[in-house]
Amino acid sequence: DTRLALAHYANGDLEAAVRSSLRARNENPNFSANLRFLAAALGGLGRRGQAQAVVADLLRLEPDFRLSAYERGLQPFTDTALRERFLSDLRTAGVQP
């Protein structure tokens, strides 16, 4: 479901990305990649409170998670516009620079 969430996110269907990420979270709550997609999708939808709660969960798994370190090795986005949207949505979700 995390790959499906990524596909929905990339296609701009953020509601479907949230649904897929929530299913994946139920199956594996400690998979940080899924939490990043969920936080970004919620941030992109303007659901800041929910996004911030997901970021808090992410930071419990990865206490040093910051955008500056993450974006250097950001996968799987080769599309620059998509990559920038993802980073922007993570910022909106409350991920620190």
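The values are calculated or read from the model by the stated rules, or taken from the named source; none is laboratory data. Values in this document were obtained by computation on a predicted structure and should not be read as measured data. Note that each Cβ is placed from the backbone with ideal geometry, even for glycine, and that neighbours are counted across all protein chains shown. These area figures cover heavy atoms from the full protein model, side chains too; ligands, DNA and RNA do not enter into them. Shrake-Rupley method; radii C 1.70, N 1.55, O 1.52, S 1.80 Å.
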Reported set for region 78-92 where residues are of a type in the set (A, V, I, L, M, F, W, C) and free of Cβ contacts under 8 Å to residues at least 24 places away in the same chain is Ala81, Leu87
When Arg83 is run through (1) in contact with a Phe, Trp or Tyr (Cβ under 6 Å, 6 or more places away or on another chain); (2) modelled with pLDDT of 95 or more, the failure sits at (2)
For region 30-67, how many residues meet the condition of being touching a Ser or Thr at 6+ places or on another chain (Cβ under 9 Å), free of Cβ contacts under 8 Å to residues at least 40 places away in the same chain and under 12 Å from Tyr9 (Cα atoms)? 3
Kindly evaluate Asp89 against the criterion of being outside any loop (DSSP other than H, G, I, E, B), acidic (Asp, Glu) and under 11 Å from the mean Cα position of the chain (by Cα). yes
What is the residue count in region 21-73 for residues that are outside any helix (DSSP H, G or I), open to solvent by 50 Å² or more (accessible area, probe 1.4 Å) and of a type outside the set (Gly, Ala, Ser)? 10
Scanning region 10-20 residue by residue, those open to solvent by 60 Å² or more (accessible area, probe 1.4 Å) and assigned to a helix (DSSP H, G or I) turn out to be Glu15, Arg19
